[in-house]
Amino acid sequence: MSERENLSRSDHPYRLINRAFHPEFQDNLQSMTVTVAGVRIGSEEKPVIIAGPCAVESREQTLEIARAVKEMGANMLRGGAFKPRTSPYDFQGLGEKGLEILALAREETGLPIISEVLDVRLIELVGQYADVLQIGSRSMRNFPLLVELGKYGKPVLLKRDMAATLHEWLCAAEYIAVEGNMDIILCERGIRTFTIQEYSRFTIDLSVIKGAMEKTFLPIVVDPSHATGNPAMVPAASLAALEFGAHALLIEIIGQHTDRSTIKCDGHQGIRPTVFRQIMIDIEHWWNIKSRE
Ligand code: PEP
Ligand code: MN
């Protein structure tokens, strides 16, 4: 009996998102496609680029970045209105005002928006504005949040807890799927190892892309910004993630002339639009070669 046949669906901890139980996804590690306002994330598609500020800090800041990334070919805009911060004294986000700013940016640029939901009590509010609801790394194990987002039904981006195994991450995705929502996008954002900020903020786990693709058919995004915490590493990490099979990238951007020290959240790691432009050019070249293979 093959390993696949050996697996019994009923006693497997994740079933609905398990590649082994889906005959339609048996070939070539092909993935499902999640469609967000016409943007298709998944295999056979050109990589989707999601870019934007870490946090929405002001209307001017967000619109400047949104216009720049749109002009350079990004497909979606990111930005946190409710931020999970280490210290309670850190900037916590603009809340609903931040969501209104994101909606303005979407109106102007046409880019769908993705924003984090920190708590079950915020699902309705964030859901009124965002096209994709982000579950942050620190919330991957917030099981009531996973359940409610499964019921809510809008596409979800599920970040990997910085200390989660692949198995735990996929079980978290199953919590969403079991409630009837299959529009799940996985996001690798770096794991905690012994580098602890000596040379990178987290360790980018490129191997998990292939690992996840073997176990599930859900599309996978890589966030090179949090995974490295270093703007100088973001271009190489972006290309490497795509070469490993990532279907999309989630990249933090700062204003072209903004003083990093004035940024309230993750100012040290965002890349400037000029750097983003070069990444987009490099991806275009990479894709042209890849799609001819
Ligand atoms: C973010 O995307 O802004 C964020 C807070 O990421 P993470 O949850 O991966 O730390
Ligand atoms: Mn951030």
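None of the figures in this text is laboratory data; all of them are computed from the coordinates on show. All values derive from a computational prediction rather than experimental measurement. Using ideal geometry, Cβ is built from the backbone for each residue, glycine included, and neighbour counts are taken over all protein chains shown.
Looking across Gly150, Gly110, one residue alone is under 29 Å from Glu64 (Cβ atoms), out of contact with any Cys (no Cβ under 6 Å at 6 or more places or on another chain) and small (Gly, Ala, Ser). It is Gly110. Looking only at residues that are under 21 Å from Arg78 (Cβ atoms) and charged (D, E, K, R) in the stretch 266-293, which one is surrounded by the most Cβ atoms within 10 Å (Cβ to Cβ)? In this case the residue turns out to be Asp266.
Among the residues making up the stretch 113-132, a single one is part of a loop (DSSP other than H, G, I, E, B), free of Cβ contacts under 8 Å to residues at least 60 places away in the same chain and either over 15 Å from Leu145 (Cα atoms) or over 19 Å from the mean Cα position of the chain (by Cα) (or both): Ala130.
In a residue-by-residue description of the stretch 262-277, the property of being assigned to a helix (DSSP H, G or I) and either in contact with a strand residue (DSSP E or B) (Cβ under 7 Å, 6 or more places away or on another chain) or within 21 Å of Leu157 (Cβ to Cβ) (or both) applies to at least one position.
Residue-by-condition table, conditions (1) among the charged types (D, E, K, R); (2) assigned to a helix (DSSP H, G or I); (3) more than 12 Å from ligand 1 (Cβ to nearest atom); (4) crowded, with 24+ Cβ neighbours inside 10 Å:
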| position | (1), (2), (3), (4) |
| --- | --- |
| Gly73 | no, no, yes, no |
| Pro84 | no, no, no, no |
| Asp90 | yes, no, no, no |
| Leu104 | no, yes, yes, no |
| Leu111 | no, no, yes, yes |
